[in-house]
Amino acid sequence: MKEPAIQVNHLRKSFKDTEVLKGVNFEVEKGSIFALLGSNGAGKTTIVKILSTLLKHDDGTATVNGFDISSMPDSVRQSISLTGQFAAVDEVLTGRENVIMIAKLRHLKQPRQIADDLLKRFGLTDAANRRASTYSGGMRRRLDIAMSLIGKPQLIFLDEPTTGLDPEVRIEVWKVVKELAAGGTTVFLTTQYLEEAEQLADRIAILHEGRIIANGTLSELKKLFPQAKVEYVAKQPSLEEIFLAIVGKKEAI
Ligand SMILES: Nc1ncnc2c1ncn2[C@@H]1O[C@H](COP(=O)(O)OP(=O)(O)OP(=O)(O)O)[C@@H](O)[C@H]1O
Ligand SMILES: [Mg+2]
């Protein structure tokens, strides 16, 4: 088997007395889209921060693109990009200046050309020369994702990439994510939108009470779901029903 893009073994993390991650294990295959689902406060962002070396874990091991997150954090950082849960654009700069700044920080040639191409791809050409502070939430989010693609990282972390976006923009972001994976980029995404995982992910993992309680393809997860009891109507469970059944918040339908 080829080396996974992410390998996580017995990862643990506590904040003071609160044990958030109680031994998390999973792998992400190179070039695949992996979706991490979990309720609010489950620890999704904590995992993203640990894997992107922004936060130290307490125990366990993890590698990202073959680099150990504890002993080779610089190599990890150089091989990834991160779009956080809250947009990280500089409000004082224009959209175009934001992209150019990151391209320059990454020592890329032709930063202006890169900026124009990315802004066009995300439908921001008309707004390119306006300050990001005047952008709508959706525009800011698009700019944020565009910025994370600068320099073509091998692996991209998207923490709730479409929260607050209207359905049209959400579909646009999905398209971009699919294109990225088709081009060989590994995508690790967290989401509250189960439809998003259903649409995008090659594998879906559910984080609940500090552990991964389910991990598989959509069809594998569907097999975990109890058979429909209705005799005459064969109904496929949605991922939402599977999720709620697995985390035990609602009676299975
Ligand atoms: N720096 C911190 N100090 C103390 N507690 C923290 C810190 N960061 C996270 N936590 C706690 O850890 C738990 C997991 O938080 P995390 O942000 O990882 O959840 P999440 O799954 O991303 O939730 P959401 O869906 O709301 O984004 C929460 O109980 C949170 O309050
Ligand atoms: Mg979060």
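Quick look at the values:
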| read-out | value |
| --- | --- |
| Pairwise label distance in nanometres, E179 with D90, each label 7 Å out on the Cα-Cβ vector | 2.6 nm |
| Chain lengthening between N129 and E168 when straightened (0.36 nm per residue, less Cα-Cα) | 11.7 nm |
| R0 of 35 Å, Cβ-Cβ distance D116-K223: FRET efficiency to nearest 0.05 | 0.15 |
| Calculated FRET efficiency for the pair R106/L55, C-beta based, R₀ 30 Å, to 0.05 | 0.85 |
| Segments 207-218, 91-102 sorted - mean Cβ within 10 Å per residue, highest first | 91-102, 207-218 |
| Most fluctuating residue given options D126, D74, D202, as computed from a GNM of the chain linking Cα atoms under 10 Å | D126 |
| Beta bridges per DSSP with both ends in the chain, % antiparallel, nearest 5 | 55 percent |
| Across K13/K49; K30/K175; K22/K44; K49/K120; K49/K109; K44/K104, pairs whose alpha-carbon gap is larger than 21 Å | K49/K120; K49/K109; K44/K104 |
| Relative contact order (percent, whole number), the chain, Cα cutoff 8 Å, 6+ residue spacing | 24 percent |
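Taken together, the values in this text are just the output of simple stated rules run on the coordinates, not laboratory data. If you're wondering where the values come from, they're calculated on a predicted model, not measured in any experiment. Cβ: placed from backbone, ideal geometry, glycine included. Neighbour counts: every protein chain shown.
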